[in-house]
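Presented below is the structure to which this report refers.
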Amino acid sequence: METSKKMEDTKEERKEEIGNPPSQCVLYFRQVSACSPMVNYLFILGLYMGAPIMHILSEANKESSENIITPEMASWFPCTSALSSFPWAIILPLIANRYGRKASFHLVNINTVIGTIIFNYSKTLTQLIISQILIGTLVGSVFTVFVMIISELASPKSRGFILTLISAAFFWGTLTSNFLAKMEARKNIIYIVGFCCIFNAFNFPESPCWLATKNKFEECAKLHRWIKGTDSNAENHLRILISNQKTNLNNTFTKDNKNADNIIGRMRKVLSSKKFYKPLFYTALTICLYYFSGKLTFTIYASDIIKNITKSEEAAYNLMLILNGVTVFCAYVGCYTTCILKRRTQLLVFLASGILFLYLLSIYTYIAKLNIVYENEYIYLILFSGFSISYSCGPLIIGISFLIDLIPTQERNLFLTLTGIIGSLVLTIVLKITPAIYTTYDSHVLFLFYAITASVCLFGLYKHLPESKNRIIQQLENVTAQEEEEEDSLSEGLKEVIPLKSVS
């Protein structure tokens, strides 16, 4: 009787400490609000990625005293922000770990504002390149700090919806940029970016995970419950988070970890652990799919690729605006399908559909080039729309979702740094080789190239990628740990059955 009474008193104290649980709608709003800076930053990135490259460079050529921009220099211009993102993939996670997520976001905010001002008033190629170097901070933060924040602030149930907003925001940015270019109002980008950056500067909470790493467990629990609620799943996640961080803090102050040799040994152990390298392998596959599927590069080089096919600049701009509109709409459709389908199923089905449209685009473009059939803008519109619908409903949304779900609980900074480096490397390669392929060969070769690379990614994801819907990383790590134990027990069993013979 006394024990049950104590338990009831404990429960009552717990309820008073937590307070009345907020509704699910309130929690959704809080999580969306907390992640809204990422939505704004992806919108800004879309503004830059969607700006017609050759149009901007031709303006710089006209305003410059000498026509110094060659085609080779022009091909390197879109790669500048990707190349300059390499150091930020290392610096930003370190800043986020040492000084907090807010500090890293303020740095991204400042560099974005300065880069936009230079971009807006640039009259030479050098000024344009400087602006792109500063925007590299924003590119470097996508697969590092952004992924870190979303994984920490968004619950597994609301993560799909938030990622849809983020994916759609990027293409809203490209659509806005294309529209401004068509209206010859590129200079207005500075007002849009300025508004977004001011909003971001005053609307970003600190992460509960970072507070836990700094031994601020009361603040961590308070913020975690305010953002994610007090249901059993949220409380279980909070308990695991605090328990893991207490263990990590205890290990940090042991004498063994102060030895440099032991630190190197621990890093080797982490890198060779399945809990680390298997998620990193899945993440690398997802990043390769995101870029080598062709959707992002088709968005960046859309006007040039379509103009190369249709031979009409007006038709290229109109088709580009239609495709961006289709992409944005289907991103929201994909959000609804995530409530019905499993993530792995949705990713593989829509990816296979998108690859089919890429092969059809390659075949149709090639036979039209040979004059076997007449080129028809409506057929191109249907094929490009099918490709955009497939990738918008699948890889563009689900790919990032898998990436966020697979971040390990330990050595997050190392994992995100490697993820950022892989993302920057793949993006640089894709942005550099795309114009080389469609100018040297033709558009049908470009479509075939992306169809083959996406097919390779499809095979790898089908064979290895696990289901992660409504599962936190601790559950996925437990599955991996169980697999390791089974492999160890199997190897020990084999040693007992087949003993090693000594060599005389």
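The table that follows gives values for the structure above.
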item	result
Selection status of residue 367, modelled with pLDDT of 85 or more and under 23 Å from the mean Cα position of the chain (by Cα)	no
Answer residue from segment 292-310, given it is within 20 Å of the chain's Cα centre (by Cα) and not in a loop (DSSP other than H, G, I, E, B) and is modelled with the highest pLDDT among those	292
Members of segment 179-192 that are open to solvent by 70 Å² or more (accessible area, probe 1.4 Å) and either among the hydrophobic types (A, V, I, L, M, F, W, C) or modelled with pLDDT of 90 or more (or both)	179, 183
Residue 387 vs. criteria among the aromatic types (Phe, Trp, Tyr), at pLDDT 80 or above, assigned to a helix (DSSP H, G or I) and farther than 28 Å from residue 156 by Cβ	yes
Among (1) modelled with pLDDT of 90 or more; (2) more than 27 Å from residue 357 (Cβ to Cβ); (3) among the hydrophobic types (A, V, I, L, M, F, W, C), the one test that residue 479 misses	(1)
Candidates 401, 392, 388 - the one that is closer than 16 Å to residue 287 by Cα, in contact with a Leu (Cβ under 8 Å, 6 or more places away or on another chain) and polar (S, T, N, Q)	401
Which numbered condition residue 350 fails, given (1) open to solvent by less than 10 Å² (accessible area, probe 1.4 Å); (2) touching a Phe, Trp or Tyr at 6+ places or on another chain (Cβ under 8 Å)	(1)
Failed condition for residue 421, given (1) open to solvent by 20 Å² or more (accessible area, probe 1.4 Å); (2) touching a Leu at 6+ places or on another chain (Cβ under 8 Å)	(2)
Leading residue by the ranking (modelled with the lowest pLDDT) among those in segment 35-51 that are open to solvent by 10 Å² or more (accessible area, probe 1.4 Å) and more than 27 Å from residue 206 (Cα to Cα)	49
Test: residue in segment 301-309 that is open to solvent by 10 Å² or more (accessible area, probe 1.4 Å), closer than 30 Å to residue 417 by Cβ and of a type in the set (Lys, Arg)	no
Any hit, segment 241-262, residues being outside any helix (DSSP H, G or I), basic (Lys, Arg) and either modelled with pLDDT under 70 or closer than 30 Å to residue 464 by Cβ (or both)	yes
Residue that is modelled with the lowest pLDDT, among those in segment 335-347 that are surrounded by 15 or more Cβ atoms within 10 Å (Cβ to Cβ) and among the charged types (D, E, K, R)	343
Filter result for residue 136 (farther than 25 Å from residue 33 by Cβ and either assigned to a helix (DSSP H, G or I) or among the small types (Gly, Ala, Ser) (or both))	yes
Residues of segment 414-433 classified as in contact (Cβ under 8 Å) with a residue 60 or more places away in the chain and more than 15 Å from residue 80 (Cβ to Cβ), total	11
Residue check, residue 359 of a type outside the set (A, V, I, L, M), open to solvent by 10 Å² or more (accessible area, probe 1.4 Å) and farther than 20 Å from residue 301 by Cα	no
Inter-residue pairs, beta-carbon under 6 Å, first within 22 Å of residue 463 (Cβ to Cβ) and of a type outside the set (D, E, K, R) and in segment 329-351, second at pLDDT 80 or above and not in a helix (DSSP H, G or I), 6+ apart	346/394; 347/394; 350/394; 351/394
Residues that are in contact (Cβ under 8 Å) with a residue 60 or more places away in the chain and of a type in the set (A, V, I, L, M), drawn from segment 352-393	352, 355, 358, 361, 363, 381, 389
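Residue-by-condition table, conditions (1) part of a helix (DSSP H, G or I); (2) modelled with pLDDT under 90; (3) crowded, with 20+ Cβ neighbours inside 10 Å; (4) in contact with a helix residue (DSSP H, G or I) (Cβ under 8 Å, 6 or more places away or on another chain):
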position: 194; (1), (2), (3), (4): yes, yes, no, yes
position: 200; (1), (2), (3), (4): yes, yes, yes, yes
position: 205; (1), (2), (3), (4): no, yes, no, yes
position: 212; (1), (2), (3), (4): yes, yes, yes, yes
position: 215; (1), (2), (3), (4): no, yes, no, yes
position: 218; (1), (2), (3), (4): yes, yes, no, no
position: 227; (1), (2), (3), (4): yes, yes, yes, yes
position: 236; (1), (2), (3), (4): yes, yes, no, no
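The values are calculated or read from the model by the stated rules, or taken from the named source; none is laboratory data. The structure displayed is predicted, hence computed values, not measured ones. Because the Cβ atoms are built from the backbone with ideal geometry, glycine has one as well, and the counts that use them run over all protein chains shown. Heavy atoms of the whole protein, side chains included, go into the accessibility calculation; ligands, DNA and RNA do not. Shrake-Rupley method; radii C 1.70, N 1.55, O 1.52, S 1.80 Å.
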